[in-house]
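Where a number appears in this text, it was derived from the coordinates with a stated rule and is not lab data. These numbers come from a predicted model, not from an experiment. No Cβ is skipped: glycine too gets one built from the backbone with ideal geometry, and neighbour counts run over all protein chains shown.
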Amino acid sequence: MNKSSLPTGPVSSYTEWDPLEEVIVGIVDGACFPGWHVALPAALPGNQHETFRRMAGRPFPAEQIAAAAKELDEFAHILQSEGVTVRRPEPIPQDRPYQTLDWTSTGMYAAMPRDALLVVGDEIIECPMAWRSRYYESLAYRPLLKEYFRGGAKWTAAPKPELTDEQFDQDWADPGEDGPTRLVVTEFEPTFDAADFTRFGRDIIAQKSNVTNEFGINWLRRQLGDEYRVHVFEFKDAHPMHIDATIVPMAPGKLLINPERVPVVPGLFKGWDVRPAPAPIIPDSHPLYMTSKWINMNLFMLDEQRVIVERQDEPMITTVKEFGFTPILCDFRNFNSFGGSFHCATLDVRRRGILQSYL
C-alpha cells in the first residue's frame, strides 16, 4: 500500500479490519429503560417484555450501570494501551421527557455509537433511528461531530423521521422463531440503524430489520453513490435487529458467521474462509435485556490480526486463535446486559486503509 495515498483527515474508515487509529467508545451514564412502544416487542427477548413495560422511562439499576461503566473504562484503557486514540461522548439527560408534534418520550443511553452513527470513508452519517427513545441520541456525539467536521470530515444527517404511528405496524404480532419474518417498521419514511450495515471496502452488506427499512437502505445507497455497492441479505432470524451478531468480517477473506442465522453462506463470499461462531456460554442467570446470547459474536478488530474478545468466553477465545487471530481479552459481560458488546460499543472513526474491493 502506498502510504502517500492514505487519507489524512480525522474521519476515514472503509472496513471492519483495517488498522485502527481512532475510535469512539460509548458511555452508560444515566441509562434508562426506553418508553414502552409498539416498536419494542419485535426486537426484545420475549422474557423481557414485562420488565420493559414496568420500568419504562426509569433508570437501569445503579449497580448494573456502575459495573458496565467500569468495563467500558477497562475497554478504553486496553485500546489506548494498544496505541488507539479513544474518544467518548458527552452525557446527556436520558430521563428528561421530550416531545415532537405527535408524541412524547424519554431517552435511553449513549452506550452504542455503532447504532447512531455510520462512518463510510471520510463521511460520518447521523442515522434516522426508529426507536422514539433514541430520537436525540446523536446529540451526545455532537461535540465530536463538530470537531471532525472542522478537521475536514464530511458530516451528514439522514432525514429526521417523524416516527408517527404510520411508521410502525400497529398490528404487529410475533411470528415465532420458526415463522416468517415480520418487521414492525413500515416504509412510511426512511429509518435505519448503522449496526444493520457492515463494511467490506466498496461492498457494504445490509439487512432489513425491525429498525431498518428498505426506504432507509435506498436512501443510504443513493447518498453513498456509485463508489459503493450495497447488498441486502435476508438471514434466518425471526427478530432481526443489527447484523453484527450474524456475520462478522475479521480480515480479507475471513468471515465469522452465526450458524443458526446463516445456514447457507451467500455466494458473494465464494473463496472466503468462513467459520461458524461457537455456541454462546453466557449463563441463563445473567440478565440480557435487549439481546440474545449470540452477542458473544460482537467482536471488534484492531487490525487483521488482533481482536477484542470477552474474557470469560473460552470457546470464542479458542475459535479466534484457531482462525489465526490474536485475542485481546476484556471483561464485558455486565455491558452485554445493555444490549451490545465490543462492536456495538464502538465507532471506528479512523482506520489506516484505502478504498478497495474485497468481494
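Could you order the peptides 146-157, 203-214 from most to least packed, using the average number of other C-beta atoms within 10 Å per residue?
Working: 146-157: 13.9, 203-214: 23.0.
Packing proxy ranking, top to bottom: 203-214, 146-157.
Starting from 0.36 nm per residue, how many nanometres of slack lie between Asp178 and Glu227 once their C-alpha separation is accounted for?
Values: separation 49, 0.36 × 49 = 17.64 nm, distance 3.77 nm.
Stretched out fully, the Asp178 to Glu227 stretch lengthens by 13.9 nm.
Measuring from centroid to centroid over Cα atoms, what is the spacing of region 59-95 and region 239-255 in Å?
The distance from the Cα centre of region 59-95 to that of region 239-255 comes to 24 Å.
Can you tell me which lysines have their Cα less than 23 Å from the Cα of Lys254? Leave out same-chain residues fewer than eight positions away.
Hits, sequence-local ones excluded: Lys236, Lys270, Lys293, Lys321.
Report the equivalent ellipsoid semi-axes for region 218-359 in whole Å, largest first, defined as the square roots of five times the eigenvalues of the gyration tensor built from alpha carbon atoms. Each step should come with its number before you reach the end.
Numbers: eigenvalues 123, 66, 53 Å².
Those come to 25, 18, 16 Å.
Among DSSP beta bridges lying fully in region 182-242, give the percent that are antiparallel, nearest 5.
Around 50 percent of the beta bridges assigned by DSSP in region 182-242 are antiparallel ones.
From Cα pairs below 8 angstrom and at least 6 apart in sequence, can you work out the relative contact order of region 5-154, rounded to a whole percent? Numbers along the way, then the final one.
Details: 222 pairs, mean separation 51.8, N = 150.
Reported as a whole number, the value is 35 percent.
Using C-alpha positions alone, give me the convex hull volume of the chain per residue in cubic angstrom.
On the way: hull volume 46.3 nm³, N = 359.
Cα convex hull per residue, to the nearest whole number: 129 Å³.
Counting alpha carbon pairs within less than 8 Å and at least 6 residues apart, what relative contact order, in whole percent, applies to region 20-351? If you can, show how the numbers build up before the last one.
Values: 658 pairs, mean separation 66.1, N = 332.
Dividing the mean separation by the residue count of region 20-351 yields 20 percent.
Give the relative contact order (percent, whole number) for region 87-244; include only Cα pairs under 8 Å separated by 6+ residues. Before the final figure, lay out each step's value.
On the way: 275 pairs, mean separation 31.1, N = 158.
Averaging sequence separation for qualifying contacts and normalising by length gives 20 percent for region 87-244.
Mind pulling up the Rg/Rh value for region 1-85? Radius of gyration and Kirkwood radius, both on Cα. Present the calculation step by step, with values, prior to reporting the outcome.
Numbers: Rg = 18.9 Å, Rh = 16.4 Å.
Result for region 1-85 is an Rg/Rh of 1.15.
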